[in-house]
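J.: This is the structure I have questions about; it appears just below.
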Amino acid sequence: MSNLARKLDELDAFQVMGTVVRAEDGFFVVRTGRGDMRARRATSCLVEPRERDFVLVAGAPSGAAYVLAVLEREAGAGAAIACDGDLEIKLPQGGLRVAAKENIDFVSAAEVGVAAEGVRVHASSGSVVLDSLSYLGSVVRAEIGKLRHEGGVVERVVERVSERVKRSFRKVEEVDQLRAERIDHSARQVMSLRAENTIVSAEQLVKMDGEQIHLG
């Protein structure tokens with residue numbers, strides 16, 4: 001459309017209301033008092049029109065028409081915000097809150113990124129399913145009442161591990177192996193080692209020291 005033709009259409013433009021009867025080839029057929037009109041969705045009309053929607057249409061004598069807004073829709077039918085291309089929401093000041101009585105879903109065929117000074121999640125229950133997870137941070141602090149882990153392989157490569165527990169129980173069905181430069185086990189009362197066969201070997205020295213030593 002030439003600039004002159006566009007200016008003439010702007011002078012003679014009109015608005016009319018009608019009902020969407022169908023969608024075809026990127027157009028919406030709107031039934032109005034002027035007859036059926038084929039109208040595109042205006043860029044500012046973010047709500048995607050549907051059949052039986054009551055809409056506001058802007059038209060021109062040349063036949064060009066645009067759905068400006070969805071005025072009314074059947075109760076409980078919901079709405080979809082649609083945009084051709086990227087959609088960005090900017091707030092120079094203030095905050096943004098998304099609230100729903102039921103579910104809130106974020107769905108993407110690619111990546112979902114979150115960048116913030118802090119992230120807080122409060123929920124009564126949660127579930128995370130990931131094929132691969134990478135975490136990079138300096139400090140992790142967790143206060144957990146009960147922790148249950150089920151997995152095939154756990155590998156840790158750290159500089160230091162420090163644990164303080166009241167009671168510790170561990171059950172190994174097959175092999176339990178420990179290799180270290182030095183091993184120091186200390187018990188305030190009783191240390192017990194039981195096995196069908198026990199082997200103690202050293203290349204240089206084996207020392208046993210106590211007030212009483214019972215063998216056999």
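J.: Consider segment 33-47. How many of its residues are touching a strand residue (DSSP E or B) at 6+ places or on another chain (Cβ under 7 Å), within 10 Å of residue 82 (Cα to Cα) and in a loop (DSSP other than H, G, I, E, B)?
T.: Matching residues across segment 33-47 total 2.
J.: Within segment 88-104, take every residue that is of a type in the set (D, E, K, R) and under 28 Å from residue 52 (Cβ atoms) and give me the one that is least open to solvent (accessible area, probe 1.4 Å).
T.: The residue in question is 102.
J.: Listed residues 86, 53; which is among the charged types (D, E, K, R) and under 16 Å from residue 23 (Cα atoms)?
T.: 53
J.: Cβ-Cβ under 8 Å, sequence separation 6+ or interchain: first residue in segment 111-129 and more than 15 Å from residue 142 (Cβ to Cβ), partner open to solvent by 100 Å² or more (accessible area, probe 1.4 Å). Which pairs?
T.: Final answer for the pair search is 112/106.
J.: May I ask you to list pairs of residues, at least six apart or on different chains, whose Cβ atoms are under 7 Å apart, with the first in segment 142-170 being over 29 Å from residue 187 (Cβ atoms) and the second being part of a loop (DSSP other than H, G, I, E, B) and not basic (Lys, Arg)?
T.: Nothing qualifies.
J.: Could you check segment 31-45 and list, in sequence order, the residues that are in contact with a Leu (Cβ under 8 Å, 6 or more places away or on another chain) and loosely packed, with under 12 Cβ neighbours inside 10 Å?
T.: 44
Every residue, every condition in (1) within 22 Å of the chain's Cα centre (by Cα); (2) open to solvent by 60 Å² or more (accessible area, probe 1.4 Å); (3) closer than 30 Å to residue 130 by Cα; (4) modelled with pLDDT of 90 or more, yes or no:
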| residue | (1), (2), (3), (4) |
| --- | --- |
| 6 | no, yes, no, no |
| 9 | no, no, no, no |
| 47 | no, no, no, yes |
| 63 | no, no, no, no |
| 68 | no, no, no, yes |
| 78 | no, no, no, no |
| 86 | yes, yes, yes, no |
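J.: Then there's this: Return the total of residues in segment 163-180 being of a type outside the set (A, V, I, L, M, F, W, C) and open to solvent by less than 100 Å² (accessible area, probe 1.4 Å).
T.: So the count comes out to 2.
The values are calculated or read from the model by the stated rules, or taken from the named source; none is laboratory data. Since the structure is predicted, the reported quantities are computational estimates derived from the model, not experimental observations. Using ideal geometry, Cβ is built from the backbone for each residue, glycine included, and neighbour counts are taken over all protein chains shown. Ligands, DNA and RNA are excluded from the accessible area calculation, which covers all protein heavy atoms including side chains. Shrake-Rupley method; radii C 1.70, N 1.55, O 1.52, S 1.80 Å.
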